[in-house]
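Only the coordinates and a few stated rules stand behind these numbers; no lab work does. Just so it is clear, the structure is predicted and the values come from calculations on it, not from any experiment. Here the Cβ positions follow ideal geometry from the backbone for every residue, glycine too, while neighbour counts run over all protein chains shown.
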Amino acid sequence: MVAELERRWSGLDLGIIRELWDESDPEPIYIAEELRHPVVGWAAFDEYWIRLAGRLRGAGYRTSELRTRAIGTDLALACLVIDWQLLPVEAETPNRGQSRATAVLRRTPGGWRFIHWMEAPLHVAGEAWV
């Protein structure tokens, strides 16, 4: 699932990100790092991804440090790091950064699908914690 997410981001296939989510869930939640409020429900979800797809002309998306664990018979938790670069339509050079993400996935007849996603900026690389 995460590898497919990487492919869709890097190919700017953002309009079909929804296919990676459990569409039987009545209220998916996507907490984007750059937004003040969570994206909740299918109408807001579709609006977010369609608008984002129209704002970008390039993207790179690579994940690492993937950790997963079952939290029920049909639920799993994933934690990962994202190295991203996004080239907005109005920019000459891409924005780059790292984020940490957590996701909750549900096992469906079609395979594992996201039901919850949260991103946070990763700023502690190289810092020592005592």
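Using a simple spin-label model with pseudo-atoms 7 Å out from Cα toward Cβ, residue 31 and residue 65 lie 1.7 nm apart. Mind sorting out which of [x] 36, 29, 26; [y] 45, 43, 26; [z] 41, 39, 25 is the real Cα extents along the principal axes in Å computed from the coordinates? For Cα extents along the principal axes in Å, the calculated option is [y]. Per-residue Cβ neighbour counts within 10 Å put 123, 116 in the sequence 123, 116, beginning with the fewest.
Run lengths n ≥ 4 of DSSP H only: what is the helix-derived mean residue ellipticity at 222 nm for the chain, with -39500 (n - 2.57) per run over all residues, to the nearest 500?
Working: 2 runs with 23 residues, N = 130.
Helix-only estimate at 222 nm: -5500 deg cm²/dmol.
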